[in-house]
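The values are calculated or read from the model by the stated rules, or taken from the named source; none is laboratory data. Bear in mind that the values here come from a model prediction, so they are computed numbers and not experimental data. A quick note on method: Cβ atoms are made from the backbone with ideal geometry, for glycine too, and the neighbour counts reach across all protein chains shown.
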Amino acid sequence: MEKAFWSSLKKVVHWLLFLVVALILLSGFGIVDYQVVQAITFGVLDKATAFQLHINLWWVFIALLALHVLLTMQTRAATDKRA
């Protein structure tokens, strides 16, 4: 049960981290080349919105990255104890 919980938590964190990285890349591209991103997103992501999204996602990225590292360290420590 406990192993299944940690495994599920790791998968959720990995997918969220992937999503946040993709959004950071998209919003960064939306700052630099906003005409293309604005056309691709049908006007939803303009330059100002991309900038706000880019700034605000850094805190989420740092938190998810720290959680990802901690979960990986916890898994490796548990694996090393068993070996």
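Any residue at all in the stretch 8-31 that is under 15 Å from residue 68 (Cα atoms), in contact (Cβ under 8 Å) with a residue 60 or more places away in the chain, more than 16 Å from the chain's Cα centre (by Cα) and assigned to a helix (DSSP H, G or I)?
There is no residue in the stretch 8-31 that is under 15 Å from residue 68 (Cα atoms), in contact (Cβ under 8 Å) with a residue 60 or more places away in the chain, more than 16 Å from the chain's Cα centre (by Cα) and assigned to a helix (DSSP H, G or I).
Within the stretch 51-69, can you find the residues that are of a type outside the set (A, V, I, L, M, F, W, C) and closer than 16 Å to residue 9 by Cα?
Once the filter is applied, which keeps residues that are of a type outside the set (A, V, I, L, M, F, W, C) and closer than 16 Å to residue 9 by Cα, the stretch 51-69 yields only 68.
Got a number for residues in the stretch 33-51 being in a helix (DSSP H, G or I) and surrounded by 11 or more Cβ atoms within 10 Å (Cβ to Cβ)?
Number satisfying all stated conditions: 10.
Using the structure shown, decide if residue 69 is within 19 Å of the chain's Cα centre (by Cα) and modelled with pLDDT under 95.
yes
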